[in-house]
Ligand code: PGA
Ligand code: ZN
């Protein structure tokens with residue numbers, strides 16, 4: 001059969017930041033090829049599928065990917081060879097059977113995902129369909145019409161993504177009023193551009209962090225970015241809260257201590273979960289914040305439902321490190337009322353099929369879906385955009401500048417052009 005997998009080869013490629021990652025190339029009997037690469041996070045959640053690195057300090061400071069590459073070539077390839085690339089379910093079942101543990105410690109989530117995604121690409125090429133249509137046909141996602149995701153653009157970053165900036169990891173501009181994809185991208189990016197001018201005017205540096213967002217070192221507090229962003233929205237000619245709004249990803253797992261307190265060094269405050277929720281409530285009242293992701297730690301299960309109760313009517317309460325694109329953790333979050341929206345990152349879980357299962361479960365339960373880039377080791381692969389389009393995700397979260405980020409917005413606009421949206 002022409003669509004059978006004939007050969008799988010992985011290789012080590014460079015990701016952003018200079019550290020390696022894995023790319024897989026799947027060749028079908030017909031000669032059709034599918035290529036995919038896998039990103040990883042700088043502030044990865046504790047419960048994610050692992051990014052298997054070599055740990056050999058003589059190569060890339062311990063972060064070489066030769067083990068993962070070998071696992072693809074020697075362990076995964078023999079198992080997948082001969083399968084039909086159009087049957088993604090069976091391919092992913094085989095991949096999962098190699099390492100069914102949620103964290104894929106044996107084979108590496110990166111090794112598994114590279115093959116899962118490269119097979120999807122090969123399947124898309126073989127069927128002559130754009131990837132977003134191929135994914136939709138394979139999984140019957142998204143309903144009758146395509147509704148493209150709105151951009152959520154990281155404009156200021158701190159935490160582990162930038163030295164000497166805010167404790168909270170990300171401040172984002174999201175489009176509230178849908179003007180069509182190209183205008184949506186334009187609105188969010190224009191706010192980013194005007195924010196640069198404003199920061200300069202205020203004497204702040206406009207150097208950028210790992211996602212290409214500004215990382216002003218002299219910023220006075222974790223709150224200051226919110227007023228700066230609102231000012232930049234006005235400067236750019238958009239109404240805060242009406243046209244565009246602010247999303248935040250504090251990535252609170254990074255600053256919650258073993259004592260259960262949230263340590264905001266820049267503000268000189270140590271807050272209990274209750275006080276942390278109160279802090280967010282004040283920000284939501286004062287600014288056009290419409291979304292907070294990982295406002296609490298990844299294991300603070302008792303506080304999440306409290307936050308969702310207090311804020312969930314007004315804003316998106318998103319789980320990222322809390323749920324790690326994993327249906328079991330998502331089900332627990334649904335059962336406990338922990339959140340009303342989910343961040344989706346395929347490399348948190350390991351296969352396309354499991355990623356889609358998490359999206360389906362979220363959408364079935366009325367949660368909003370945000371498909372996301374990774375903060376650290378990103379690549380120029382744009383598959384997440386096709387995934388978001390295939391599933392009618394509500395938002396895509398990607399940084400504003402640097403090649404590996406803009407290539408994703410460019411893919412989004414390309415799909416919009418294809419669909420006439
Ligand atoms: P990461 O962060 O990809 O570096 O883990 C991004 C996020 O937390 O959303
Ligand atoms: Zn996050």
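The values are calculated or read from the model by the stated rules, or taken from the named source; none is laboratory data. All figures in this text were calculated on a predicted structure; none of them were measured in a lab. All Cβ positions, even for glycine, are placed from backbone atoms using ideal geometry, and neighbour counts span all protein chains on display.
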Residues 158, 180, 142, 209: which one is within 16 Å of ligand 2 (Cβ to nearest atom) and more than 16 Å from residue 405 (Cβ to Cβ)? 158
Hey, any hits in the range 359-378 for a residue that's in a helix (DSSP H, G or I), over 20 Å from residue 150 (Cα atoms), away from ligand 2 (no atom under 16 Å from the Cβ) and in contact (Cβ under 8 Å) with a residue 12 or more places away in the chain? yes
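For the range 233-251, which residues satisfy the criterion of being touching a residue at least 60 places away in the same chain (Cβ under 8 Å) and touching a strand residue (DSSP E or B) at 6+ places or on another chain (Cβ under 9 Å)? Walk me through it before giving the result.
Our first condition is that a residue be touching a residue at least 60 places away in the same chain (Cβ under 8 Å); within the range 233-251, this holds for 233, 241-251.
Hits for the range 233-251 are 233, 241, 243, 244, 245, 246, 247, 248, 249, 250, 251.
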How many of the residues in the range 260-308 are over 30 Å from residue 234 (Cβ atoms), within 16 Å of ligand 2 (Cβ to nearest atom) and crowded, with 17+ Cβ neighbours inside 10 Å? 6
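Test of understanding: among 198, 113, 131, which residue is without any contact (Cβ under 8 Å) to a residue 40 or more places away in the chain and touching a helix residue (DSSP H, G or I) at 6+ places or on another chain (Cβ under 8 Å)? First the steps, then the outcome.
Numbers: 113 fails: without any contact (Cβ under 8 Å) to a residue 40 or more places away in the chain; 131 fails: without any contact (Cβ under 8 Å) to a residue 40 or more places away in the chain.
Exactly one residue qualifies, and that residue is 198.
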Top-ranked residue of the range 217-242 - restricted to ones that are assigned to a loop (DSSP other than H, G, I, E, B), within 11 Å of residue 165 (Cα to Cα) and at pLDDT 95 or above, ranked as farthest from ligand 2 (Cβ to nearest atom): 221
Only one of 29, 23, 48, 12 is over 18 Å from residue 346 (Cα atoms), assigned by TED's automatic domain parsing to the domain that holds residue 87 and touching a helix residue (DSSP H, G or I) at 6+ places or on another chain (Cβ under 7 Å). Can you tell me which? 12
Leading residue by the ranking (nearest to ligand 1 (Cβ to nearest atom)) among those in the range 280-316 that are free of Cβ contacts under 8 Å to residues at least 12 places away in the same chain and in a helix (DSSP H, G or I): 282
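For every residue, the table says whether it meets (1) crowded, with 24+ Cβ neighbours inside 10 Å; (2) away from ligand 1 (no atom under 16 Å from the Cβ); (3) more than 13 Å from the chain's Cα centre (by Cα); (4) more than 25 Å from residue 104 (Cα to Cα).
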position: 337; (1), (2), (3), (4): no, yes, yes, yes
position: 340; (1), (2), (3), (4): no, yes, yes, yes
position: 371; (1), (2), (3), (4): yes, no, no, no
position: 390; (1), (2), (3), (4): yes, yes, yes, yes
position: 395; (1), (2), (3), (4): yes, no, no, yes
position: 399; (1), (2), (3), (4): yes, no, no, yes
position: 406; (1), (2), (3), (4): no, yes, yes, yes
position: 416; (1), (2), (3), (4): no, yes, yes, yes
position: 420; (1), (2), (3), (4): no, yes, yes, yes
Being part of a strand (DSSP E or B) and surrounded by fewer than 16 Cβ atoms within 10 Å (Cβ to Cβ), is that true of even one residue in the range 14-23? yes
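Residues checked against (1) touching a residue at least 40 places away in the same chain (Cβ under 8 Å); (2) under 26 Å from residue 295 (Cα atoms); (3) within 15 Å of the chain's Cα centre (by Cα):
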site: 149; (1), (2), (3): yes, yes, yes
site: 154; (1), (2), (3): yes, yes, yes
site: 158; (1), (2), (3): yes, yes, no
site: 164; (1), (2), (3): yes, yes, no
site: 167; (1), (2), (3): yes, yes, no
site: 180; (1), (2), (3): yes, no, no
site: 185; (1), (2), (3): yes, yes, no
site: 188; (1), (2), (3): yes, yes, no
With the requirement that a residue be buried (at least 23 other Cβ atoms within 10 Å of the Cβ) and more than 16 Å from ligand 2 (Cβ to nearest atom), what does the range 24-47 give you? 24, 26, 28, 34, 36, 37, 38
